[in-house]
1. Please go through segment 196-210 and pick out each residue that is part of a loop (DSSP other than H, G, I, E, B), farther than 11 Å from V243 by Cα and out of contact with any helix residue (DSSP H, G or I) (no Cβ under 9 Å at 6 or more places or on another chain).
2. Please indicate, with yes or no, whether at least one residue in segment 287-297 is β-branched (V, I, T) and surrounded by fewer than 21 Cβ atoms within 10 Å (Cβ to Cβ).
3. I need every pair where a residue in segment 192-204 that is touching a residue at least 12 places away in the same chain (Cβ under 8 Å) has its Cβ under 9 Å from the Cβ of a residue that is assigned to a helix (DSSP H, G or I) and of a type in the set (D, E), sequence separation at least 6 or different chains.
4. So, restricting to helices (runs of 4 or more DSSP H) that lie completely within segment 1-100, which ones have at least 2 residues that are crowded, with 21+ Cβ neighbours inside 10 Å, small (G, A, S) and at pLDDT 85 or above?
5. Name every residue in segment 307-328 that is hydrophobic (A, V, I, L, M, F, W, C), over 17 Å from the mean Cα position of the chain (by Cα) and closer than 24 Å to A193 by Cβ, in order of residue number.
6. Filter segment 333-368 down to residues that are exposed (fewer than 14 other Cβ atoms within 10 Å of the Cβ) and either in contact (Cβ under 8 Å) with a residue 12 or more places away in the chain or not assigned by TED's automatic domain parsing to the domain that holds A240 (or both), then give me how many there are.
7. Would you pick out the residues in segment 192-210 that are over 16 Å from G22 (Cα atoms), surrounded by 13 or more Cβ atoms within 10 Å (Cβ to Cβ) and not charged (D, E, K, R)?
Amino acid sequence: MIMDTRHAKGGILFLSATLGAGHHSAAVAIGEALRRMAPEVPTREVDYFDYVNRSFNHLVRQAYIFSVRHWPWAYEAFYRSTGQIAPHSAFQRFLNTLGRREIERLVGDEDPRAVVSTFPTPAGVVSALREMGRTDAPSMAVITDYTVHSQWLHEGIDRFYVGTEEMAEEMAGRGIPRAKILVSGIPVHPAFADPVDAEAVRRRFGIGDGPVILLMAGAYGMISGFADVVGVLAEKGPAATYVSIAGHDAQLKAAVDQVAQRGGHPVVSLGYTDEVAQLMGVADVLVSKAGGLTTSEAMARGLPMAIFRPIPGQEMVNTGRILDAGAGFRAPTTDDLVDGLRAVMAPGGALAGMAERARSLGRPRSSYDIARDILEHASRGTLGSALGNEGRPSGRRRMPGRGNPPARP
C-alpha cells in the first residue's frame, strides 16, 4: 500500500522515519490494515525528519547507515545513552521541541482523528503538544522492537502498542498506566496473514524445487560484507536455492550478481522487492540481522532465522527473543553460518522444530489488531459515520463520537 501523501483530513496521520526501514514498514502495515477494514477512512504517512528538515534528514540517515556498517560500537553507545534519558529531563524537553512548530501546523491542517507515531521522536513532540493543550487528537505510539527504550515513554501518549507482555510489565513498572498498553505484537503487513501460492512464487522468481534459503541485507544494505556472505554460502552452504534481497542498494545487488556466479548452488539476486511476504512463504530459513519488523515477519510465517551480525542495542534484545524460544540460531562468523545451516538442514536436524516454535511466536494479524484498536480510540469527531455499524456486536452500546471497529477481515 502507498498511503495518500496529500492529506488525511479527518483520518489517521502516521508519523514515521526512514532511519532503518522498520518504522516506515510499521506505518505501511497498519495503514494497509486500515484500508482493508475501513477504506473510507483517509490515511497519510509523513516522514517526520523529512517533513521538519529534508537536508537534516538526509544527513542523519547517512550517519546512521555509516555507523551501523562501520562503527557499530558507536551506535550501541548512542542507543544506550539515550535510553537513560529521564522523561522530564532538560534534554528530553529539548528533544520534544524539535520540529514542534512544524508538527503543530501539520496536525492543525490535517485535523486527524488520531496521530500514530512509529518513531519515538515525533511521539515525544506530539505528547508535548498534547500536554500544552495545542492539540486534542488521540496520540498512539507503536514500539518497533522487543525492548523498552525511554525515548518511547511519554505521558501525553494515549495508547502504546508493544510486542510482548514482558514489555508491557516493564512499562507499567516505569509509570505508564497498564490500561494504556496493548500487547499487539509488532505490526507486520497484512500480506503475512494471506495464504501463499508457493508454486506461483517459485515460478515468478525462477526458484527451482528443493530447499530455499532467503538472505536479506535490509532496506539499505545494512549487513557488512553481505555479498561475500552470499558467495560463500553459494559455494559452501547446504544444497538449496539462495534468494538474496539487497534492498535499495544498487551497488550491493551488483556485487551479489558477481559473486553468485562463483558457487555451485543457484542464486536468485534481487534488489528491492515488495514481495517479502510471499518469498518468506516459500523459504525454509531466513539469514538476516534482527530488526524488529524482520523478526516479526519471519515469525508470522513460521520461518526459522539464522541471525547474522545484528546491530548492537535493540537488535541484541530481538536476537535473544528468537534464541530463547529456540526459533533460530546466531552465527557470529560466516563459517558459523555455513556450519549452522548445514546442521539444522541436515536430515533429522532441528529445522522443523525451529519452524514450529517460530510459528508459535508469530502474530500475522498484528496490524489488524492495532488498526481496530486505533479506530476504537479515535473518538474525536464522527469517525464512526464512515464506518457505520459494520462489525458492531449485538447489544453493544454505540458511544457518541466513537467509531465502532469493523468486522474482522
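1. G210
2. For segment 287-297, residues β-branched (V, I, T) and surrounded by fewer than 21 Cβ atoms within 10 Å (Cβ to Cβ): absent.
3. Within 9 Å, the pairs are F192/E297.
4. Here the list reads 22-37.
5. Selection gives A325, A327.
6. 4
7. Matches in segment 192-210: A193, V196, A198, V201, F205, I207.
Residue-wise test of (1) modelled with pLDDT of 95 or more; (2) in the same structural domain as D335 (by TED's automatic domain parsing); (3) more than 24 Å from the chain's Cα centre (by Cα).
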| site | (1), (2), (3) |
| --- | --- |
| G208 | no, yes, yes |
| P211 | yes, yes, yes |
| S224 | no, yes, no |
| E235 | no, yes, yes |
| G247 | no, yes, no |
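The values are calculated or read from the model by the stated rules, or taken from the named source; none is laboratory data. This structure is a prediction, so every number in the text was calculated from the model and none was measured. Here the Cβ is made from the backbone with ideal geometry for all residues, glycine too, and neighbour counts use every protein chain on show.
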